[in-house]
Amino acid sequence: MSLLAFGDARRHNGGMSETKLKRVTVASLLQKKPQGRKITVLTAYDYPTARIIDDAGIDIILVGDSVGQVELGYKSTISVTLEEMLHHVKAVRRGTQRALLLSDMPFLTYQIDETTALRNAGRLIQEGEADALKLEGGEAIAPIVRRLVEIGIPVVGHIGLQPQHAKLTGLSVQGRSDEAARQIVKDAKAIEEAGAFAIVLELVPRLLADEVTQSVSIPTIGIGSGPSCDGQVLVTADLIGLQLGGHAFRHVKRYADVASIIKGAVTAYREEVESAAFPTVENSFD
Ligand code: KIV
């Protein structure tokens, strides 16, 4: 049995405190904006990471399609399939007790037609047991957002930089021209009108993020969009420094250097096995 399995058994026997188990819901999140309380969001793609993030009291765990680059080594999010998302959503579900589990809908799973979008959304909710879905796009995808909400699926919009559009837009800050900024405000209003309960605002100038945040009654969740958003999201691997030698983006704050810690531990293990310092009698059985 691995130590991980030991820990799991302890957790399920010991249980979590009552307050920690109070589940985050769409309704509880919606209460935060009028109360001026910030919403916290982080990504997870696997069971152990989900458990840590959940235990740390983060409101929303996002199984982002960033799983493509961060976990699967793809060049972009475009390569991520519905089956891959489902695999990761199920793992995160098993590790999430308190946070709201939000899944991305990957490229081409909701843009073809309404029937395909509903079927694919249904799989992430039924099989993956996601609590809510995130879709990139503004005015153009508002009809799909409306249909999903009509059948009871909570939706989060995602505007500003939309990585699934990166072949057209690149990966830089969006909304710098007056026209582009106006469109982003229109997109936010269209998504709110369609029934989304929150909007991710990725890489837009902070004054524009402020304007969007004040223009809609639902919470905005910023990434690289400054401090006025109603919540913040980061890719956990960026926050903990999981990519060996990866460069830090300006909008990311790195709170740990986990890649160095892992490399140090692995190197120490290799050296101790090679020098016969591990295992010792203490690590063996009579
Ligand atoms: O896929 C993802 O991780 C995201 C966040 C960057 C918001 O969409």
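The values are calculated or read from the model by the stated rules, or taken from the named source; none is laboratory data. Note that the coordinates shown come from a computational prediction; the quantities given were computed from them, not determined experimentally. Cβ sites come from the backbone with ideal geometry, for glycine too, and all protein chains shown count toward neighbours.
Looking only at the stretch 131-161, residues that are of a type in the set (D, E, K, R) and surrounded by fewer than 20 Cβ atoms within 10 Å (Cβ to Cβ) come to 4 in all. For the stretch 29-53, give me each residue that is away from the ligand (no atom under 16 Å from the Cβ) and under 24 Å from residue 218 (Cα atoms). Result: 30, 31, 32, 33, 34, 35, 36, 37.
Could you please let me know if residue 271 is loosely packed, with under 12 Cβ neighbours inside 10 Å and at pLDDT 95 or above? Spelling it out, residue 271 is indeed loosely packed, with under 12 Cβ neighbours inside 10 Å and at pLDDT 95 or above.
Right, residue 21: closer than 27 Å to residue 237 by Cα and either modelled with pLDDT of 95 or more or in a helix (DSSP H, G or I) (or both) or not? In short, no.
A quick yes/no check of all residues on (1) modelled with pLDDT of 95 or more; (2) of a type outside the set (D, E, K, R); (3) not in a loop (DSSP other than H, G, I, E, B):
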position: 88; (1), (2), (3): yes, yes, yes
position: 108; (1), (2), (3): yes, yes, no
position: 122; (1), (2), (3): yes, yes, yes
position: 125; (1), (2), (3): yes, yes, yes
position: 136; (1), (2), (3): yes, no, yes
position: 152; (1), (2), (3): yes, yes, no
position: 156; (1), (2), (3): yes, yes, yes
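Scanning the stretch 165-185 for residues that are touching a residue at least 24 places away in the same chain (Cβ under 8 Å) and among the hydroxyl-bearing types (Ser, Thr, Tyr) returns a single hit, 172. Is it fair to say residue 181 is within 20 Å of residue 214 (Cβ to Cβ) and within 16 Å of the ligand (Cβ to nearest atom)? So residue 181 fails the test. Considering only residues in the stretch 201-236 that are out of contact with any Gly (no Cβ under 8 Å at 6 or more places or on another chain) and within 11 Å of the ligand (Cβ to nearest atom), the one that is nearest to residue 71 (Cα to Cα) turns out to be 236. Can you say whether residue 168 is more than 16 Å from the ligand (Cβ to nearest atom), crowded, with 20+ Cβ neighbours inside 10 Å and of a type in the set (A, V, I, L, M), as far as the supplied structure shows? In short, no.
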